[in-house]
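Visitor: I am attaching a structure below and will ask some questions about it afterwards.
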Amino acid sequence: MLEPGDIIFYSKNLENSDFSNAVENVVKDNLLFHVAILSDEFRIIEAVPGNIGVIEVENIEKSLEFHSPRELEICRLKSIDKRSRILAGKFARSKIGKKYNDIFTHNLINSKNDESFYCSQLITEAYKNIVSWPPHTLNFENSDGELIEYWREYFEKRECRVPQGDEGSHPAQLRKSQLLEVVMRIVPGGISLKNLRNSKIFDCPNWISGNSVDLPSDRKFDVIEPRSGKTLANWSYATEEHVDYTVQVAQKAQKLWANTNWLEKSNVLRKTAELLKLYCDEIAYWECIDNGKPLYEAKADVLSCVDTFTFYSGISHDLLGRHVPIDPSRFAYTKKVPFGVVASIGAWNYPIQTCSWKTAPALACGNSVIYKPSPLSPVSALILGAILKEAGLPDGTFNVIQGDAKTANALIEHEGVNKVSFTGSIPTGKKIMKACAERNIKPVTLELGGKSSLIVFDDADLDTAVSCAMMANFYSQGQVCSNASKVLVHTSLIEEFTKKLVEKTKNMKIGDPLDENNTKVGAHISEEHRNKVEEYINGAICEGANRIYGGERVTVNGFEGGFYLSPCILSNINSKMRVYHEEIFGSVLLIIPFSDEAEAIRIANDTKMGLAAGIVTKNLNRSHRIVERLNAGNVYVNTYNDVSPLVPFGGFGESGFGRENGVAVLEHYTQIKSVFVNTANCENPF
Ligand code: NAD
């Protein structure tokens, strides 16, 4: 993505020092303080004041360390051919070792009469014959036309006249050239954990190499706040070039991380858990803004991430290989080795949780991660980036890039990506699996949609049954993959169950997600998604379903543009309806009566998906009997939507394969290397 000849501008907040004030007086409109150029060997060439002069710095990370800028912008001269840019980089490299031009003379001679350059002069000279930079006159006077004391002394010390009014250059003036386009903006410390709520999070769409990075492109998307419908930012989708750059960063970092001592890896993950806990309230705040879910849920999500990182911080013993004795002179051993770079692509319903579920085990196994969140909830993964950095994760080991299907495909198809982990819909999952097959037979984990059932038997405790049904449908506005929209209720209980369910559902306050004390139902993720859920409800009613409660738009005072919908209960459902077969992904609970076990199992298994199922019963024998016959990856008995990092999560059938959580996930982030060892002479069978 970066090219030789690219120009790097550094800006900073001017602190209150003599020098800063002097510069501020001279360059009023900008905080740019330095400029450098990328050489033909991708090193940074710059002229630095004092005795340093023209030097080369290994890479951007080192340059950031050296200058600690507030912001760094990498720009390219647009209409200049590549060859000329390479030559400009070569020119700069040929000047390494030259002195600093401390008196800013036009003729490249400093106070000691050496050939010399100041920072912007190196750039103007490198592009001397191809670019006419905006004119610039050196100015060392204040707005009243008086020579600034700092500069008077400066030139006096060097026994030189003040070059007031001479022709010159300055980074701020170079930056004004219409020929420049921004390739990348880096904002070190762009996400401040200590002041997370006021962080300028919307200035920093990506997290690459331990920094907040903006990667401008022509394809853009709005970041919309579900609770108000307001547009919070307009971000760029990462391009193929951006993906390529990020993969290179992740590849380099992975080599170091894989060889990091296991205890150090554990410490980073444990520290991450501690920091997630420490900043739980602030992260949950952003999760509400980003996703629209109620604050109490967002806090629970963050705390579940704490558990996830804690669990994987202690997982090293499960990454051990085996010693396999074969006969007295032969044995083998197996090693679990990381894949390398893992590309993780997430859905929008559990932004920080999905990201943590994928990232913690992938890192524990020694991989590096590039996470692409859904454009509908792109924020919290960035915060996880800042937390992992603070916890000591080496830069580049975890990266976040924003994008859509095109970006995701660029990632999946990149030769440097070794494993793909996906959470999302079945149609997208199919495309991803195909792309993975076509590109290097790339291993893939698919966590896809579901159409699950909760079976309430005649011996069920009614309160438990109602709680399970609500947990299985109304959490996160029903936008939960494992939700059991089909609630199968034994005919003998149906009247009482429905009455209690409606009563409790009516009590759920719909409101501003940030109103922690009152709100139980927040906003749907987007207008489009709310419309889709409404279509399912209206479609079912047209097909003969009865609306028992809800499914109506709700206006929340002060948040009139938000995407609110009341939880919906429908009855009179039959197997010809769309809602019976398709994932609704909204708060739409379908009450379906049944008379015996066989019928309940038939209805529950009447789907190609197999993500989850639930049973409410007091009969121990029955519960185990039914568990055996349910075709689902996750089954809940007298509970629903329970999660624990200790327990694998994933689906059967079209709901995907591979697992998140538990020890089980480790096999999806490692591959086994078997090593045969012969302790005797090797026999030759030929
Ligand atoms: P989606 O498939 O539309 O998008 C998921 C991700 O894939 C997003 O990051 C999106 O940008 C990307 N994407 C979209 N089209 C793509 C393409 N053609 N190629 C590559 N990437 C592409 O799903 P969604 O609407 O974000 O999420 C809702 C779905 O996710 C539901 O079906 C839900 O059940 C499922 N989900 C499953 C689980 C699970 O663990 N099984 C968890 C959460 C959500």
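All of the numbers you see were taken from the coordinates with simple rules; none came from a lab. Note that this is a predicted model, so its numbers are computed, not measured. Here the Cβ positions follow ideal geometry from the backbone for every residue, glycine too, while neighbour counts run over all protein chains shown.
Visitor: Kirkwood hydrodynamic radius, the range 582-630, all distinct C-alpha pairs: what's the number in Å?
Guide: Computed over Cα pairs of the range 582-630, the Kirkwood hydrodynamic radius comes out at 12.3 Å.
Visitor: OK, next. How long are the three semi-axes of the equivalent ellipsoid of the chain, in whole Å, if each is the root of 5 times an eigenvalue of the C-alpha gyration tensor, listed from largest down?
Guide: 57, 32, 20
Visitor: Describe numerically, in nm with one decimal, the distance between label points set 7 Å from Cα along Cα→Cβ at K608 and at D642.
Guide: Simple spin-label model gives 3.2 nm for this pair.
Visitor: Which length gain, in nm to one decimal place, applies between L620 and E159 when the Cα-Cα distance is subtracted from 0.36 nm times their residue separation?
Guide: Separation in residues times 0.36 nm, less the Cα-Cα distance, equals 156.4 nm.
Visitor: Okay, moving on. May I ask you to sort Y10, Y312, Y279 by Cβ crowding, counting other Cβ atoms within 10 Å and putting the fewest first?
Guide: Numbers: Y10 24, Y312 31, Y279 21.
The fewest-first ordering by Cβ neighbours comes to Y279, Y10, Y312.
Visitor: Then there is this: What is the diffusion coefficient of the range 218-447 in µm²/s, taking the Kirkwood radius over Cα pairs and the Stokes-Einstein relation at 37 °C with a viscosity of 0.692 mPa s? Don't skip to the end; give the middle numbers.
Guide: Working: Rh = 18.2 Å.
Answer from the Stokes-Einstein relation: 180 µm²/s.
Visitor: Students often get this wrong: which residues of the range 118-159 have the backbone nitrogen under 17 Å from the point 7 angstrom along Cα-to-C-beta of L179?
Guide: Backbone N within reach: 120-136.
Visitor: Helix 494-506 versus the longest principal axis of the chain: what is the Cα-based angle in degrees, 0 to 90, to the nearest 10?
Guide: 30
Visitor: Still on this model: Which shape class, rounded, prolate or oblate, goes with the range 114-158 when its Cα gyration tensor gives a ≥ b ≥ c as root eigenvalues, a/c under 1.5 marks rounded, and past that a/b bigger than b/c marks prolate?
Guide: Oblate is the answer for the range 114-158, as a/c is 1.5 or above yet b/c matches or exceeds a/b.
Visitor: Let me ask something else. Rank these for me by crowding, Y296, Y564, Y100, going from fewest to most other beta carbons within 10 Å. Show your work: numbers first, answer last.
Guide: On the way: Y296 16, Y564 25, Y100 21.
Going from least to most buried by this count: Y296, Y100, Y564.
Visitor: May I ask you to work out the translational diffusion coefficient for the range 476-557 at 10 °C, viscosity 1.306 mPa s, via Stokes-Einstein with Rh from the Kirkwood sum over Cα pairs, reported in whole µm²/s? Mind showing how you got there, number by number?
Guide: Values: Rh = 14.7 Å.
Reported coefficient: 108 µm²/s.
Visitor: Positive end of the dipole of the range 135-243, charges at C-beta (+1 Lys, Arg; -1 Asp, Glu), about the Cα centre: which of W207, G145, P226 has its Cα farthest in that direction?
Guide: Value computed over the given set: P226.
Visitor: Please compare each pair in K335/K419; K430/K532; K277/K389; K12/K82 to a cut-off of 25 Å on the Cα-Cα distance and tell me which ones are over it.
Guide: On the way: K335/K419 18 Å; K430/K532 21 Å; K277/K389 15 Å; K12/K82 30 Å.
Over 25 Å apart, Cα to Cα: K12/K82.
Visitor: If you average 1/r over all unlike Cα pairs in the range 453-654 and invert the result, what Kirkwood radius do you get in angstrom? Can you show the working numbers first?
Guide: Details: mean 1/r = 0.0585 Å⁻¹.
One decimal place: 17.1 Å for the Kirkwood radius.
Visitor: Follow-up question, since we're still on this one. Relative to the longest principal Cα axis of the chain, at what angle does helix 295-313 sit, 0 to 90 degrees, rounded to 10?
Guide: In the chain, helix 295-313 runs at an angle near 80 degrees to the longest axis.
Visitor: Can you check what the Kirkwood hydrodynamic radius comes to for the range 173-223, Cα pairs only, in Å to one decimal?
Guide: 12.6
Visitor: Then there's this: E241 versus E149, label points 7 Å from Cα toward the beta carbon: distance in nm?
Guide: 4.9
Visitor: May I pose another question? For N107 and A437, FRET efficiency with R0 = 60 Å and r from the beta-carbon atoms, rounded to 0.05? Intermediate values should be presented prior to the final figure.
Guide: Numbers: r = 63 Å, r/R0 = 1.06.
E(calc), rounded to 0.05, equals 0.40.
Visitor: Any idea what angle helix 280-291 forms with the longest principal axis of the chain, computed on alpha-carbon atoms, 0 to 90 degrees, nearest 10?
Guide: Tilt relative to the chain: about 80 degrees.
Visitor: Between K504 and N198, what is the label-to-label distance in nm when each label sits 7 Å out along the Cα-to-Cβ direction?
Guide: 4.3
Visitor: In the range 7-185, how does Rg compare with the Kirkwood Rh, expressed as the Rg/Rh ratio over alpha carbon atoms? If you can, show how the numbers build up before the last one.
Guide: Numbers: Rg = 15.7 Å, Rh = 16.6 Å.
So for the range 7-185, dividing Rg by the Kirkwood Rh gives 0.94.
Visitor: What ranking, highest mean first, results for peptides 44-53, 283-292 when packing means the other Cβ atoms within 10 Å averaged over each residue? Before the final figure, lay out the partial values.
Guide: Details: 44-53: 18.0, 283-292: 26.3.
Most protected by this proxy first, the peptides run 283-292, 44-53.
Visitor: What FRET efficiency comes out for the pair N557/A300, r = Cβ-Cβ distance, R0 = 30 Å, nearest 0.05?
Guide: Working: r = 26 Å, r/R0 = 0.86.
The computed FRET efficiency comes out at 0.70.
Visitor: Among DSSP beta bridges lying fully in the chain, give the percent that are antiparallel, nearest 5. Please report the intermediate quantities before stating the final value.
Guide: Values: 61 of 100 bridges.
Just about 60 percent of them are antiparallel.
Visitor: Treat the count of other C-beta atoms within 10 Å as a stand-in for reagent exposure and order V247, V456 from fewest to most.
Guide: Working: V247 23, V456 27.
Least to most surrounded, the residues fall as V247, V456.
Visitor: To continue, here is another question. Given the -39500 (n - 2.57) contribution per DSSP H run of 4+ residues, what per-residue ellipticity at 222 nm results for the chain, rounded to the nearest 500 deg cm²/dmol? Kindly include the intermediate steps, with their values, before the conclusion.
Guide: On the way: 21 runs with 230 residues, N = 686.
Only helices count here, giving -10000 deg cm²/dmol.
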